[in-house]
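Everything on this sheet refers to the single structure shown next.
Just so it is clear, none of the values below were taken in a lab; they were calculated from the coordinates. Nothing here was measured: the structure is a model prediction, and the numbers come from that model. Quick reminder, even Gly has a Cβ in these numbers, built from the backbone with ideal geometry, and neighbours come from all protein chains shown.
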Amino acid sequence: MVTPGPGTDPRASAAGSGPVPKRRGTELALLGFAVLITMAAQCIVDITMTGSLTSEVATFGAWFTALWLVAHVLVRRFAPYADPLLLPCVAVLVGLGLSMIHRLDIAGDQLGSNSSGEDAPVQLLWATVGLGLFTAVLVVVRDHRVLARFAYTLALVGLVLLAIPAVLPASISEVYGAKLWIRVAGFSIQPGEFAKICLIVFFAAYLVDKRDVLALASRKVAGLELPRGRDLGPVLVAWAASILVLVFERDLGSSLLLFGIFVVMLYVATERASWLIIGLLLFSGGAFVAYQLFGHVRVRVDTWLDPFAYADEGGYQIVQSLFGLGTGGLFGAGLGGGRPDQVPVAKSDFIASAIGEELGLFGLVAVILLYLVLVERGLRTSLVVRDGFGKLLSAGLAFAVAWQVFVVLGGVTGLLPLTGLTTPFLAYGGSSLVANFGLVALLVRISDAARRPTAPPAPTPPKLTDAPTEVVRP
């Protein structure tokens with residue numbers, strides 16, 4: 001019998017001899033390694049940039065260690081069978097992001113920049129708030145299937161969160177041309193990050209309920225089984241919503257992200273490749289029409305096609321990003337050895353470029369591999385979990401991370417137009433970090449249900465007819 005581990009289904013050994021290992025010790029050891037990597041990066045940044053270690057390193061190390069120790073205790077208490085690789089991957093990503101933000105803070109102070117030089121402590125504070133959401137999800141949502149009961153309520157909440165920035169005045173909602181924010185009294189939040197999770201829950205519940213209908217085919221064309229015309233309604237509604245986001249909020253990133261998630265979840269639910277092709281054609285057509293009708297879309301695309309022609313205007317970011325990646329080469333300039341501060345908004349939109357410049361191609365690929373492991377564990381959970389809702393929800397959450405990372409890295413490297421999305425867990429931004437902590441909490445909850453061994457069937461009481469009989473003679 002194969003010993004169950006992080007990559008096997010523990011239910012296969014539920015009836016075997018001995019308990020199923022929970023792998024919490026493995027998780028704790030990997031979290032310790034993540035803290036070690038983060039502290040090493042912080043020390044290298046301080047020594048390279050200032051020539052000595054600052055007293056804040058010890059405070060940061062204690063806070064960061066306590067953060068993940070608390071997260072580990074919570075998982076041990078409320079989700080003991082959860083996948084042991086989820087938290088360590090997130091810890092390394094958050095730690096590397098904090099180290100790079102700290103490095104950019106020091107550069108800003110040394111150059112006398114007007115930007116805030118205290119973003120790393122703020123990001124650590126946001127990580128603590130994210131841990132609060134992580135805790136709330138694990139404590140309140142004891143069974144992920146309960147979320148399906150609130151699917152339409154969450155859909156309404158998600159749509160409202162998406163729509164709020166569009167109807168607010170530009171003075172409190174617009175940043176760099178995109179209306180994504182709610183900014184009041186020095187406090188800002190990006191509601192679309194939380195809307196994403198609400199809508200993924202709704203998509204999973206809706207597609208489980210309508211899966212049989214949506215999987216029906218009307219005719220076969222070029223080897224593809226096309227859906228019936230009457231069943232195109234859901235994908236048309238999702239397409240229209242994504243176009244509205246693109247037009248009224250000028251947000252290509254959220255539009256592409258939400259529509260892509262819905263189409264892929266629809267494909268997972270029905271196993272019809274025709275839905276992927278229909279979704280691609282719909283979005284391509286909508287993007288082409290938006291390019292012809294709306295100036296801000298045209299500027300974004302033209303800058304993407306030839307950034308050097310707009311190097312003094314909208315293309316300055318991507319040009320500096322490409323120069324930085326080229327300077328980094330294979331092995332990078334080393335932490336503190338490059339000039340990622342030359343890229344505007346490097347702490348949020350272009351932190352992947354900063355990592356590529358200072359850690360090189362190998363370092364950036366290592367970061368991508370961390371995301372791949374995180375996504376792979378989510379997809380593996382989708383395969384193992386028993387219920388259809390959990391399968392679709394886990395697949396949707398995992399794909400959301402993968403798709404967002406692909407879109408962000410595509411924009412940084414010039415493969416795709418810039419979208420304004422942030423790199424999950426790495427980039428500076430409270431809304432993104434807190435929302436992604438909630439996303440990981442849902443994956444932890446589902447993976448706990450997937451890896452938890454099934455309870456043995458209760459023994460049935462013997463029937464009266466099965467009782468032994470004996471003839472007694474007087």
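Distance between the 7 Å Cα→Cβ label points at Thr153 and Val301: 4.2 nm. Here, region 48-101 yields an orientationally averaged convex hull projection of 4.3 nm² when only Cα atoms define the hull. Over the chain, DSSP H runs of length four or greater, each weighted -39,500 (n - 2.57), average out per residue to a 222 nm ellipticity of -22000 deg cm²/dmol. The count of lysine pairs in the chain with alpha-carbon distances below 26 Å, taking only pairs 8 or more places apart or on different chains, stands at 8. Per residue, the convex hull spanned by the alpha carbons of region 346-458 comes to 106 Å³. The value of relative contact order for the chain, using C-alpha pairs under 8 Å at least six residues apart, is 22 percent. Couplings 3J(HN,Hα) for region 147-154, derived from phi with the Karplus relation 6.51 cos²θ - 1.76 cosθ + 1.60 (θ = phi - 60°), are 4, 5, 5, 10, 4, 6, 5, 5 Hz, where x marks Gly and Pro. Only Lys, Arg, Asp and Glu carry charge here, each on its Cβ (+1 for the first two, -1 for the last two); on that basis region 19-452 has a dipole of about 1940 debye about its Cα centre.
Footprinting exposure proxy ranking of Val94, Val365, Val140, fewest other C-beta atoms within 10 angstrom first, gives Val140, Val365, Val94.
All C-alpha pair distances within the chain, sorted into 20 Å bins from zero, spread as 22, 53, 20, 3, 1, 0 percent across the bins. When the alpha carbon coordinates of region 70-195 are projected onto the principal axes, the ranges are 50, 37, 21 Å, largest first.
Divide, for region 76-137, the radius of gyration over alpha carbons by 2.2 N^0.38 Å, where N is the residue count.
1.46
For region 244-361, dividing the convex hull volume of the Cα atoms by the residue count gives 137 Å³ per residue.
Note on Leu168 and Leu280: the model spin-label points, each 7 Å out from Cα along the C-beta direction, lie 3.7 nm apart. Counting neighbouring Cβ atoms within 10 Å and putting the fewest first, the residues Tyr371, Tyr428, Tyr267 line up as Tyr267, Tyr371, Tyr428. Backbone geometry of region 69-83 corresponds, through the Karplus equation with coefficients 6.51, -1.76 and 1.60 at θ = phi - 60°, to 3J(HN,Hα) couplings of 5, 5, 4, 5, 5, 4, 5, 4, 7, 9, 9, x, 9, 5, 4 Hz, x marking Gly and Pro. Ordered by the count of other Cβ atoms within 10 Å of each Cβ, fewest first, His296, His72 give His296, His72.
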